[in-house]
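Okay, structure first, notes after.
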Amino acid sequence: VVDNITIDGTEIDLSSGDLTVDVAGGIILDADDSGTISFKDGGTRYGLVQKATNDFEIRSMINDGDILFKGLDASSTITALSLDMSDAGTATFNHDIKLGDNGEVVFGAGDDLRIYHNASDSVIKDGGTGRLLIGASELLVTNSGLSEAQIQSLEDGAVTLYHNGNAKLETTSTGVTISDDLLAS
């Protein structure tokens, strides 16, 4: 622990106040203990950065303490991302997650489910074990403008198929109701 240092004949008291490092070039921190740089408050380490094999590791040392990514927007502090350490690092984004074309959201240990846009099509691809299940009390498939029904399914009720926004086939408790003509070959 260093309380005071003297630089060019000027003594600097480090036991109180802030320490400002203002240099014309870059600031290099070179630690040979796995590159570990610790952050402390009152002697208690609350975080560190280090080299872990070939990875750059950022670690919170506070039990169940979250890692927060914050910034300023219109002079207001915004938490853009929270990593919840009490919930195995669950990530909570304050707003959108955007991926470019062919960027994928991948679920499962073996790429079981992938969701992406390939510049031409939007794709939900289930390639894993089991079925693709969609659970809803009401399922509604619409046009891209969300203004015209194409398929509707109600829990304990009808499944309806639409053509150009008009119901054409509907399941009922006794069978099927068809609007307009039924053509069969």
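Values computed for the structure shown
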read-out: Leu183 aliphatic (A, V, I, L, M), open to solvent by 60 Å² or more (accessible area, probe 1.4 Å) and either within 30 Å of Gly110 (Cβ to Cβ) or not in a loop (DSSP other than H, G, I, E, B) (or both); value: no
read-out: Single residue of region 80-91 satisfying the filter (open to solvent by 60 Å² or more (accessible area, probe 1.4 Å) and either in contact (Cβ under 8 Å) with a residue 24 or more places away in the chain or not polar (S, T, N, Q) (or both)) that is nearest to Gly65 (Cα to Cα); value: Met85
read-out: Number of the exception - Ser15 against (1) within 30 Å of Lys125 (Cα to Cα); (2) touching a strand residue (DSSP E or B) at 6+ places or on another chain (Cβ under 9 Å); value: (1)
read-out: Residues of region 11-69 that turn out to be outside any strand (DSSP E or B) and not hydrophobic (A, V, I, L, M, F, W, C), as a count; value: 22
read-out: The one condition in (1) surrounded by fewer than 10 Cβ atoms within 10 Å (Cβ to Cβ); (2) closer than 30 Å to Val176 by Cα; (3) of a type in the set (Val, Ile, Thr) that Thr160 fails to fulfil; value: (1)
read-out: Options Ile134, Ile151, Ile124; residue that is farther than 28 Å from Asp66 by Cα, touching a strand residue (DSSP E or B) at 6+ places or on another chain (Cβ under 7 Å) and modelled with pLDDT under 95; value: Ile124
read-out: Residue list for region 141-157, restricted to those being touching a Leu at 6+ places or on another chain (Cβ under 9 Å) and surrounded by 14 or more Cβ atoms within 10 Å (Cβ to Cβ); value: Ala149, Gln150, Gln152, Ser153, Leu154
read-out: Lone qualifier among Ala91, Ala80 - being in contact with a His (Cβ under 8 Å, 6 or more places away or on another chain), of a type outside the set (Asp, Glu) and outside any loop (DSSP other than H, G, I, E, B); value: Ala80
read-out: Subset tally (residues that are under 28 Å from Gly65 (Cβ atoms) and in contact with an Asp or Glu (Cβ under 8 Å, 6 or more places away or on another chain)) for region 92-121; value: 1
read-out: Positions within region 14-28 being surrounded by fewer than 10 Cβ atoms within 10 Å (Cβ to Cβ) and either at pLDDT below 90 or in contact with a Phe, Trp or Tyr (Cβ under 6 Å, 6 or more places away or on another chain) (or both), in sequence order; value: Ser15, Ser16, Gly17, Asp18, Leu19, Thr20, Val21, Asp22, Val23
read-out: Residue in region 92-114 that is least open to solvent (accessible area, probe 1.4 Å), counting only those that are without any contact (Cβ under 8 Å) to a residue 12 or more places away in the chain and out of contact with any strand residue (DSSP E or B) (no Cβ under 6 Å at 6 or more places or on another chain); value: Gly100
read-out: Some residue of region 76-91 being under 30 Å from Ser15 (Cα atoms) and polar (S, T, N, Q); value: no
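So that you can scan it fast, the table gives a plain yes or no per residue for (1) modelled with pLDDT of 95 or more; (2) among the polar types (S, T, N, Q); (3) within 27 Å of Ser144 (Cβ to Cβ):
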| site | (1), (2), (3) |
| --- | --- |
| Asp32 | no, no, no |
| Lys40 | no, no, no |
| Arg59 | no, no, no |
| Asp64 | no, no, no |
| Ala80 | yes, no, no |
| Ala88 | no, no, no |
| Asp101 | no, no, yes |
| Phe107 | no, no, yes |
| Ala119 | no, no, yes |
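The values are calculated or read from the model by the stated rules, or taken from the named source; none is laboratory data. The shown structure was predicted, so the numbers you read here are calculated from the model rather than taken from an experiment. Counting neighbours? That spans all protein chains shown, and the Cβs are built from the backbone with ideal geometry, glycine included. Only protein heavy atoms, including side chains, enter the accessible area calculation; ligands, DNA and RNA are left aside. Shrake-Rupley method; radii C 1.70, N 1.55, O 1.52, S 1.80 Å.
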